[in-house]
1. Of the residues that sit in the range 1-12 and are in a helix (DSSP H, G or I) and either in contact with a strand residue (DSSP E or B) (Cβ under 8 Å, 6 or more places away or on another chain) or among the hydroxyl-bearing types (Ser, Thr, Tyr) (or both), which one is modelled with the highest pLDDT?
2. With the condition being at pLDDT 75 or above and surrounded by fewer than 11 Cβ atoms within 10 Å (Cβ to Cβ), I'd like the helices (runs of 4 or more DSSP H) fully within the range 13-104 carrying at least 1 qualifying residues.
Amino acid sequence: MTGSNKTKTNKAKFESMAPYKSPGEDGILPVLVKHGMQYAVTPICKLYRASLATGYVPLSWHIARVSSYLNQVDWTTIIVKHFDPISLTSFLLKRLEKLVERYL
């Protein structure tokens, strides 16, 4: 696959993400990348390649914001075990994970 075809594939993957998905600690929303696609794809691809080549993941991607949601809606007996955690991580890391998963 040529470089331009890979770039087109990466653009399609970013455009397919939900635009207002909750951001991770870095605060970057997918809609920001989507609207600045012509400026963002090349630097993001370089970042991904460097991360995979060196085995280094940016520190801001290590941090997850954890919230909880009510798993069961039994309003008479709500206890702590009815709440499940949700980890909000950077969507850039999630996209990198999907790319790596695809090749495994």
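The values are calculated or read from the model by the stated rules, or taken from the named source; none is laboratory data. Just so it is clear, the model here is predicted, and its values are computed rather than measured. Because the Cβ atoms are built from the backbone with ideal geometry, glycine has one as well, and the counts that use them run over all protein chains shown.
1. Taking the candidates together, the pick is 9.
2. Numbers: elements: 30-35, 37-54, 59-62, 91-103.
Correct list: 37-54, 59-62, 91-103.
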